[in-house]
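Trainee: Can you read through this structure? Questions will come right after.
The values are calculated or read from the model by the stated rules, or taken from the named source; none is laboratory data. Computed from a predicted model, the values in this text were never measured in an experiment. So basically every Cβ, Gly included, is an ideal-geometry build from the backbone, and we count neighbours across all protein chains shown.
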Amino acid sequence: MAVKKCIEESCCKKKTLRTEEEKKNLINRLKRLEGQIRAIEKMIDEDSYCNDILQQSMAAGSALDGFNQTLLEYHLKGCVTEKIKNDDSEIIDELLKTVRKLMK
C-alpha cells in the first residue's frame with residue numbers, strides 16, 4: 001500500500017491524498033449504496049410490502065457499514081500510522097472519538 005499523505009491546509013482543514021485504487025474502491029461502494037437507496041425509494045413509490053423495504057434498508061445499512069470499515073482501514077494504515085511515526089499522539093484521541101461515534 002502506498003504511503004498516504006495527510007495534509008493540514010489550515011487549522012481547520014485536513015486532506016488525505018488517496019491512491020487511485022482507494023478512490024475507485026470507495027466511490028464504487030458509494031455508487032452501489034446510492035443504487036440501493038434509489039431501489040428503496042422506488043419500492044416506497046410502488047407501495048411495496050413493508051418487510052421487503054425493511055430488508056432492502058438493512059442491506060443498505062450493511063453496505064454503509066462496509067464503506068465505513070474500508071475507510072477506517074485506510075485511515076489506520078495511512079494517516080494514523082504516519083502521525084504516530086511522527087510522534088503526533090493527538091491522532092489517538094481523534095481516532096477514539098471517531099470509533100465511539102461509529103459504535104453508536
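Trainee: All but one of (1) surrounded by 10 or more Cβ atoms within 10 Å (Cβ to Cβ); (2) modelled with pLDDT under 95 hold for E22; which doesn't?
Mentor: With (1) surrounded by 10 or more Cβ atoms within 10 Å (Cβ to Cβ); (2) modelled with pLDDT under 95 applied to E22, the lone miss is (2).
Trainee: Does S62 fit the bill of being under 14 Å from the mean Cα position of the chain (by Cα) and either at pLDDT 95 or above or closer than 24 Å to T98 by Cα (or both)? Explain how you work it out, then say what you get.
Mentor: Values: under 14 Å from the mean Cα position of the chain (by Cα): yes; either at pLDDT 95 or above or closer than 24 Å to T98 by Cα (or both): yes.
When the stated conditions are applied, S62 passes them.
Trainee: Restricted to segment 66-82, and to residues that are in contact with a Lys or Arg (Cβ under 8 Å, 6 or more places away or on another chain) and more than 16 Å from T19 (Cβ to Cβ), which residue is surrounded by the most Cβ atoms within 10 Å (Cβ to Cβ)?
Mentor: F67
Trainee: Which of (1) surrounded by 10 or more Cβ atoms within 10 Å (Cβ to Cβ); (2) modelled with pLDDT of 95 or more; (3) acidic (D, E) does E46 not meet, given it meets every other one?
Mentor: Only one criterion is unmet by E46, namely (1).
Trainee: Identify, please: which residue in segment 69-92 is touching a residue at least 60 places away in the same chain (Cβ under 8 Å) and of a type outside the set (G, A, S) and is, among those, nearest to L26 (Cα to Cα)?
Mentor: Taking segment 69-92 and keeping what is touching a residue at least 60 places away in the same chain (Cβ under 8 Å), we get 74, 77-79, 82-83.
Remaining after also requiring of a type outside the set (G, A, S): 74, 77, 79, 82-83.
Details: Y74: 10, K77: 15, C79: 16, E82: 21, K83: 22 Å.
In this case the residue turns out to be Y74.
Trainee: Read through the list (1) over 27 Å from K15 (Cβ atoms); (2) surrounded by 14 or more Cβ atoms within 10 Å (Cβ to Cβ), then give the number of the only condition that S62 fails.
Mentor: S62 satisfies all of (1) over 27 Å from K15 (Cβ atoms); (2) surrounded by 14 or more Cβ atoms within 10 Å (Cβ to Cβ) except (2).
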